[in-house]
Every structure is written in structure tokens, then in C-alpha cells.
Amino acid sequence: MKDPHVLFADYAAQEGLKMTPQRRHILDVFLLQEGHVTSEELYERVKKSYKTIGQATVYRTLKLLSGSGVAKEVDFGDGVTRYERHLDEGHHDHLICERCGANVEVLDETIEKLQEEVAARHGFTLTRHKMYLYGVCPACRGGR
């Protein structure tokens, strides 16, 4: 995959936007994140080292990162949009606790193969998909 800085700069140019120092800084901070981050969480991390960046700039830049393919929006059904890096790290699905919101990333080749088989049975070729499995985690079940 292309360098995320190049990918993002190309996308910004395609959208008629410049690669500003603020956008570059937000990209750099985002690329350091593990797991899932909200725009508010990223804003808190960005402003520690770049005090003049506003929350709206972070939010708009995250939307651009998502449009460019550097980030992927994830929705765990709690009304909060989160973002994760989307840089050739392989597809994964999510297990989400309906009580505490804990989430686990799951990569299971059997599930991936089954999804492709189901699509093929119906004449589809998969181009992308999202799968969220909801339940109750062991901690919320009292460790049982």
C-alpha cells in the first residue's frame, strides 16, 4: 500500500485541498493510535502538541482521512463514530459488549471464507463488508 502521507496528500489534492501543517500533524498523531479513536479523543491528543488546532479541524480531517482510505469509520451501535487505521492490516470483524461497550477485533479466516461463499451463492462478488457481533462480555457476566 502507498505511504499514508502520499495517499492522504493525493486525496486532499483531488478534493481541491492543500496538505496543511495542521492536517499533516493530525495525520501523524492518528497514525500513532492503536485501536479505535473518536474525534474528541484524537483532538485531546493532537492539542497536546499543537495547541492552536481546533476540534472542527480534527473532525474534518478525520472525515478526509476516511475518504482517502487511511482511516476507516467504525460504529459499535452506541451512537459514537470511531476511527481506526485502515492501512493494509487485513480485514477484521468486531465483537461488542452491549453492556460496557468493550470491543474485540476478530480475524477468522473461516468466517471470511463463509461470507465469500454466501455472496457467491447469490451471484455476488464481495468488494467490502462490515460485521459486528453483539453480546455480553465475560466481565459483565460476572466472569462466568
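Of everything in region 76-120 that's polar (S, T, N, Q) and free of Cβ contacts under 8 Å to residues at least 60 places away in the same chain, which residue is farthest from Val6 (Cα to Cα)? Break it down stepwise before answering.
The initial filter retains those residues of region 76-120 that are polar (S, T, N, Q), namely 81, 103, 110, 115.
Checking which are free of Cβ contacts under 8 Å to residues at least 60 places away in the same chain leaves us with 81, 110, 115.
Details: Thr81: 25, Thr110: 34, Gln115: 32 Å.
In this case the residue turns out to be Thr110.
List the pairs whose first member sits in region 47-75 and is under 19 Å from Lys130 (Cα atoms), whose second member is among the charged types (D, E, K, R), and whose Cβ atoms are under 6 Å apart, counting only residues at least 6 apart or on separate chains?
Qualifying pairs under 6 Å: Ser66/Glu73; Lys72/Glu84; Val74/Arg82; Val74/Glu84.
When the residues of region 74-93 are filtered to those that are charged (D, E, K, R), modelled with pLDDT under 85 and under 17 Å from Leu31 (Cα atoms), which remaining residue is surrounded by the fewest Cβ atoms within 10 Å (Cβ to Cβ)? First the steps, then the outcome.
Pass one, region 74-93, residues charged (D, E, K, R): 75, 78, 82, 84-85, 88-89, 93.
Remaining after also requiring modelled with pLDDT under 85: 75, 78, 88-89, 93.
Now narrow it down to the ones that are under 17 Å from Leu31 (Cα atoms): 88-89.
Values: Asp88: 9, Glu89: 12.
Top of the filtered list is Asp88.
Each row is one residue, and each column tells you yes or no for (1) out of contact with any helix residue (DSSP H, G or I) (no Cβ under 8 Å at 6 or more places or on another chain); (2) more than 25 Å from Glu112 (Cα to Cα); (3) outside the structural domain of Met131 (by TED's automatic domain parsing).
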{"residue": "Ala13", "(1), (2), (3)": "yes, yes, yes"}
{"residue": "Leu17", "(1), (2), (3)": "no, yes, yes"}
{"residue": "Thr20", "(1), (2), (3)": "yes, yes, yes"}
{"residue": "Arg24", "(1), (2), (3)": "no, yes, yes"}
{"residue": "Leu31", "(1), (2), (3)": "no, yes, yes"}
{"residue": "His36", "(1), (2), (3)": "yes, no, yes"}
{"residue": "Tyr50", "(1), (2), (3)": "no, yes, yes"}
{"residue": "Val80", "(1), (2), (3)": "yes, yes, yes"}
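Any chance region 102-125 includes a residue that's at pLDDT below 90 and in contact with a Cys (Cβ under 6 Å, 6 or more places away or on another chain)?
yes
Note down all Cβ pairs under 6 Å where the first residue falls in region 10-25 and is surrounded by 12 or more Cβ atoms within 10 Å (Cβ to Cβ), the second is assigned to a loop (DSSP other than H, G, I, E, B) and of a type outside the set (Asp, Glu), and they're at least six residues apart or on different chains.
Short answer, once both residue conditions are applied: Ala12/Met19; Gln22/Ile53; His25/Tyr50.
Scan region 9-29 and tell me whether some residue there is within 15 Å of the chain's Cα centre (by Cα), closer than 25 Å to Lys130 by Cα and not aromatic (Phe, Trp, Tyr).
Yes, that holds for at least one residue.
The values are calculated or read from the model by the stated rules, or taken from the named source; none is laboratory data. Bear in mind the structure is a predicted one, so any value in this text is a computation, not a measurement. As a convention, Cβ positions derive from the backbone with ideal geometry for all residues, glycine included, and neighbour counts pool all protein chains shown.
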